[in-house]
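Values quoted throughout were computed directly from the atomic coordinates according to the rules given, and no laboratory measurement underlies them. None of the values given here were measured: they were computed from a predicted structure. Because the Cβ atoms are built from the backbone with ideal geometry, glycine has one as well, and the counts that use them run over all protein chains shown.
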Amino acid sequence: MEKFADEALIEVSSGSGGNGCVAFRREKYVPRGGPSGGDGGRGGDVLFTIRRNLRTLAHLRYKHTFKAENGRDGEGSGRYGRNGGDVIIPLPPGSLLKNGDTGELVRDFGAHPGDFVFLKGGNGGWGNIHFKSPVNQAPRKALPGQPGTSVRLRVELRLMADIGLVGFPNAGKSSLLNHFTNARPKIAPYPFTTKIPNLGVLSFGSFRGDSPDSRDIILADIPGLIEGASGGAGLGIQFLKHISRTGALAFLIDLSDDKYLDAFDILRGELAAFSPELVKKQRIILGTKTDIETSAGRVEELRAKYPDEQIRGISVFSGDGLAELAPELARLAGTGEPEGNLAEESFEPAEYAGLPGDRDE
């Protein structure tokens, strides 16, 4: 079963405050010692926190209700009730919180990644110790704790990645992710093998002997788009929203496809139809499968058609262009060029278990 989940409907409740206590001091030699009822404890809060090691909402798939602890009641001898424990709900970076009934945006953790106290617990009630006065030396009044609050929330995930890999099915996205990272997405020689977004971390420390100043780049393999995806066709429509949370885009064009010259325009058009902001992102065009004989010369044809675009030819199978691509991805991600020239360093392509015809989604 797939463990990726990008939406969840949950109900969260803050804790109720404890009740105040009505009690009186009674000791052997102090028979009329006055009120001694303590206050109730405060109810627990509902907090959301961002955990960078989380990449999906799968942990919310089976648990839909989160309730903070109620405060304890006050006791005699002036003892205050214990405060209720908070409930802390971890979320992946880039999550959205929306009101489950109205759809109103509550919190965008992409813009505000810090911890968020969503619901405050109810205050504890006063014990009768607070109601003593010159005219009422033995008050029998205490206040109940304030009730907690319950709210239904819709949590949506928009993946946070430095670079999103965009392309038609079988363009080579999963193979590229597999080569640079340990994501190990499913790879097969038929379209739509990728049905969920896959994330991987490209660590430049691994290319330089794990130096202390290594930098990581998060790559996102988005399921393949087809023409009309922005209108609901194919598998891509439900994942186009993830592309909006990537810092830059890498368009993968299958050079073995005879329609390779039209692919970029179609992909760019689908992204623009979904959100005009997507086509404004920094990008690079990667012509894939340069090892295939029919792809010879097609990278230059792409460059001639798009002289203002950054275009590179690569082959995961043969390793063509991959050493030069790593620093390009670093610059594209905005991390700056890693120290040293990676293109000049020893760079062995990851072992590709399969036949030359085995291509990814």
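Observations on the structure shown:
- Eligible lysines near residue 289 by straight Cα distance, threshold 28 Å, same-chain separation 8 or greater: 173, 186, 195, 241, 259, 280, 281, 305
- For the range 1-158, the share of alpha carbon pairs falling in successive 10 Å distance bins from zero is 12, 30, 22, 15, 12, 7, 2, 0 percent.
- C-alpha center-to-center spacing [the range 1-46, the range 86-136] in angstrom: 15
- Sorting 273-283, 40-50, 67-77 by their mean Cβ neighbour count within 10 Å, with the most densely packed peptide first, gives 40-50, 67-77, 273-283.
- A protection proxy built from the mean count of other Cβ atoms within 10 Å ranks the segments 257-263, 54-60, 161-167, most packed first, as 161-167, 54-60, 257-263.
- Expressed as a fraction of 2.2 N^0.38 Å, the value expected for a compact globular protein of N residues, the C-alpha radius of gyration of the range 254-293 is 1.36.
- A straight chain from residue 265 to residue 201 at 0.36 nm per residue would run longer than the Cα-Cα distance by 20.2 nm.
- For the range 73-167, the alpha carbon convex hull comes to 148 Å³ per residue, rounded to a whole number.
- Note on residue 258 and residue 318: the model spin-label points, each 7 Å out from Cα along the C-beta direction, lie 2.3 nm apart.
- Tally of Lys pairs whose C-alpha atoms are under 28 Å apart, taken over the range 16-127, 8 or more apart or cross-chain: 5
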